[in-house]
Amino acid sequence: MALIKSISGIRGTIGGQPGEALTPLDIVKFAGAYSVWIKERRKTCGRLKVVVGKDARLSGDMVNRLISGTLIASGVDVIDLGPATTPTVEMAVTGLHADGGIILTASHNPKQWNALKLLNEQGEFLSDADGKALLAIAGKAEFNFAEVDNLGQITYNDTYTDEHIKAVLKLPLVDIDAIYRANFKVVVDAVNSVGGIAIPRLLTSLGVHVVELNCTPDGQFPHNPEPLPENLTEIAGVVSRQDADLGIVVDPDVDRLALVCEDGSFFGEEYTLVAVADYVLGKTAGNTVSNLSSSRALKDITEKHGGQYFSSAVGEVNVVAEMKRVNAVIGGEGNGGVIYPELHYGRDALVGVALFLSLLAQKKIKCSELRAQYPDYFVSKNKITLTPDTDIDKILQKVKDKYSSHRISDIDGVRVDFNSEKKWVHLRKSNTEPIIRIYAEAPSEKDASTLAKQVMEVINDER
C-alpha cells in the first residue's frame, strides 16, 4: 500500500488503511482541502465551480463519486466530463470558465493506483507554494461543510473531447490537407483507457485509417501502462504486420506520446518532443524548454533553428513556469510530453499527434527516415526503491562531491553535465513514487549505461 502527498497531487493505491493508501477517507479529506483552498484563492462570495474528469481505470467511478460528493457538500458546483484525458480537463477549466479542476488519474501507474491531479483556474497544475498550502489545509482537516440550502449542484458535459479535437484542428500549424493527402495508416495502443476514445476520433478527423489496439476504455490495462519500449512489443509487431505508417501509444490519461516507426522500431519517447519542436521551430522562431531529465537533442535542434534552449526542474508546472518566463514557443518533457502554448499550457498527446503527422506528411518520408535525421543520444533510465531510513540529502551531496569538477545543477536533485563528452546524469527523488530516479544520457548506449551504473554504485555505497 502507498500514499504519496506532493505538489503534483495525491496519489496512492486503492484499498488498505487510511493514511497508508488512497482510501475513501483520504479522498474526502483531500477533496475537502481542495475546496477550502480554492475558496481562499478565488475570494468570491459567488458559487464556485470545478471541472472533474477521469481516465478509465477501475477505481475511477468510486473515486469520482467521493470527489464530486465532497465538492457538492462543500458548496461547490461540479461539471462532470466523465471519461476525459488530462489535457481535455485542463482545456475545459478555461473553456467553461471554471475555478479549478480535478483529474482522477494515476497517469502511467498500474491499475491498483489512482490519484487526484489538481488544477487552478488557468487549467494548470498547482505551484509549489499552492501545493504546500493545500497539504497544510489537509493536515489540519478543519472543514466547514455547506448547509442544505447551499449545497453545490452537479451537471454533466460529455462534449469536451470533441471541443478539444476541434481546437487542435484549428491550429495553423496542423496541416490537415497534407495529412489527408498522405493517406496514413496508423495503429493506436491506448492501453484500454480514455485515449481509446480521443486518439482514434482525432485521427479519423484527419483522414487517417486507424487500426485500434487496446482501445476499449474499460481500465483493463493489457500491459504495464508506462509507454516504454519494453512494454510495447505487441504494437511493434502489429505495425509491421499491418504495413502501417506509424504506431501511436499513449498512457492512461493521454499526456504522454510514444511513437513506433513503420518497421516496428521505436522512435523513442525522448524524440517525440524533439520532432515536434523541429516542426514548430521551422515555422515559428523562438525558444524551447524541457526538464533536467530530458534529452539534450532538443537543445541541438533548438540551436539549429537559431533559438535558445532552457531547462527546468522536473514536473509539468515547472516546465510551464519556465516556458512563460522565456516565452517559449514549444516545450515539454522527455517522457513524450508535448506542451504547445498556442493551444494551452499542458502536456497534450493530441496536439503532439497532429503536429507530428503534419511534419511527417510535409516531409513525405517514412517515420524511420525522419528519426534518422536527428542526433543520436541514448538515455539509460533507472530507479532505486527508497527505504524509510534513506538519507537522500546525503546521497545527493556525495554525488555532487564526486563530480565537483563538472557543471552541476541542484535546482531539482542533482544533474551533472559532462559537456566535452556530450553526456549527463540526473538523479532526483520522484514526486509520484517512493524511488530515486537516475537518468543518464550519452552518444552511445554503452556510455549511458556505464554512467548510470557508476552513479548507482555511489548511491548504493551510501545506503
Seminar exercise, completed: Within the stretch 93-138, the residues that are among the small types (Gly, Ala, Ser), in contact with a strand residue (DSSP E or B) (Cβ under 8 Å, 6 or more places away or on another chain) and in a loop (DSSP other than H, G, I, E, B) are Ala98, Ala106, Ser107, Gly123
For this session: Kindly provide the set of residues from the stretch 198-210 that are surrounded by fewer than 21 Cβ atoms within 10 Å (Cβ to Cβ) and not hydroxyl-bearing (Ser, Thr, Tyr), ordered by number.
Result: Pro200, Arg201, Gly207, His209, Val210
Problem set entry | Condition check for Leu71: assigned to a strand (DSSP E or B), in contact (Cβ under 8 Å) with a residue 24 or more places away in the chain and touching a Phe, Trp or Tyr at 6+ places or on another chain (Cβ under 9 Å) | no
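Among the residues that make up the stretch 294-309, is at least one of them within 25 Å of Gly207 (Cα to Cα), assigned to a loop (DSSP other than H, G, I, E, B), basic (Lys, Arg) and not assigned by TED's automatic domain parsing to the domain that holds Ser409?
Checked against the condition, which is being within 25 Å of Gly207 (Cα to Cα), assigned to a loop (DSSP other than H, G, I, E, B), basic (Lys, Arg) and not assigned by TED's automatic domain parsing to the domain that holds Ser409, the stretch 294-309 yields no hits at all.
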Exercise. If you scan the stretch 117-128, which residues turn out to be buried (at least 24 other Cβ atoms within 10 Å of the Cβ) and of a type in the set (A, V, I, L, M)?
Worked result: Leu118, Leu119
For this session: Select from the stretch 32-65 the residues that are among the charged types (D, E, K, R), at pLDDT below 95 and in a loop (DSSP other than H, G, I, E, B) and write down the one among them that is surrounded by the fewest Cβ atoms within 10 Å (Cβ to Cβ).
Result: Lys43
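What are the residues in the stretch 211-230 that are of a type in the set (D, E, K, R) and surrounded by fewer than 18 Cβ atoms within 10 Å (Cβ to Cβ), if any?
Once the filter is applied, which keeps residues that are of a type in the set (D, E, K, R) and surrounded by fewer than 18 Cβ atoms within 10 Å (Cβ to Cβ), the stretch 211-230 yields Glu212, Asp218, Glu230.
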Exercise. For the stretch 280-311, which residues satisfy the criterion of being in contact with an Asp or Glu (Cβ under 6 Å, 6 or more places away or on another chain) and touching a residue at least 60 places away in the same chain (Cβ under 8 Å)?
Worked result: Asn291, Leu292, Ser295, Ile301
Seminar exercise, completed: Reported set for the stretch 338-354 where residues are part of a loop (DSSP other than H, G, I, E, B), crowded, with 24+ Cβ neighbours inside 10 Å and over 10 Å from the mean Cα position of the chain (by Cα) is Tyr340
Problem set entry | Residue ID - farthest from Leu343 (Cα to Cα), chosen from residues in the stretch 82-92 that are in contact with a strand residue (DSSP E or B) (Cβ under 9 Å, 6 or more places away or on another chain) and surrounded by 24 or more Cβ atoms within 10 Å (Cβ to Cβ) | Ala84
Problem set entry | Residue count, the stretch 317-333 (criterion: crowded, with 24+ Cβ neighbours inside 10 Å and of a type in the set (Asp, Glu)) | 1
For this session: Mind listing just one residue for me: the one in the stretch 419-432 that is over 24 Å from Ala2 (Cα atoms) and either acidic (Asp, Glu) or surrounded by fewer than 17 Cβ atoms within 10 Å (Cβ to Cβ) (or both) and, of those, modelled with the highest pLDDT?
Result: Lys422
Exercise. Taking Ala277, is it surrounded by 19 or more Cβ atoms within 10 Å (Cβ to Cβ), touching a residue at least 12 places away in the same chain (Cβ under 8 Å) and part of a helix (DSSP H, G or I)?
Worked result: yes
Problem set entry | Any chance Lys132 is surrounded by fewer than 15 Cβ atoms within 10 Å (Cβ to Cβ), in the same structural domain as Leu357 (by TED's automatic domain parsing) and at negative phi | no
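Determine which member of the set Leu151, Leu169 is in the same structural domain as Val338 (by TED's automatic domain parsing), out of contact with any Asp or Glu (no Cβ under 9 Å at 6 or more places or on another chain) and surrounded by fewer than 20 Cβ atoms within 10 Å (Cβ to Cβ). Quick ask: steps written out before the conclusion?
Working: Leu151 fails: in the same structural domain as Val338 (by TED's automatic domain parsing).
Exactly one of Leu151, Leu169 is in the same structural domain as Val338 (by TED's automatic domain parsing), out of contact with any Asp or Glu (no Cβ under 9 Å at 6 or more places or on another chain) and surrounded by fewer than 20 Cβ atoms within 10 Å (Cβ to Cβ), namely Leu169.
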Problem set entry | Filtered residues of the stretch 1-31 (kept if surrounded by fewer than 20 Cβ atoms within 10 Å (Cβ to Cβ) and in a loop (DSSP other than H, G, I, E, B)) | Met1, Ala2, Gly15, Gly16, Gln17, Gly19, Glu20
Problem set entry | Those helices (runs of 4 or more DSSP H) lying entirely in the stretch 142-233 with at least 3 residues touching a Leu at 6+ places or on another chain (Cβ under 9 Å), of a type outside the set (Ser, Thr, Tyr) and within 18 Å of Ala349 (Cα to Cα) | 160-169, 195-205
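The values are calculated or read from the model by the stated rules, or taken from the named source; none is laboratory data. All of these numbers come straight from a predicted model, not from anything done at the bench. A quick note on method: Cβ atoms are made from the backbone with ideal geometry, for glycine too, and the neighbour counts reach across all protein chains shown.
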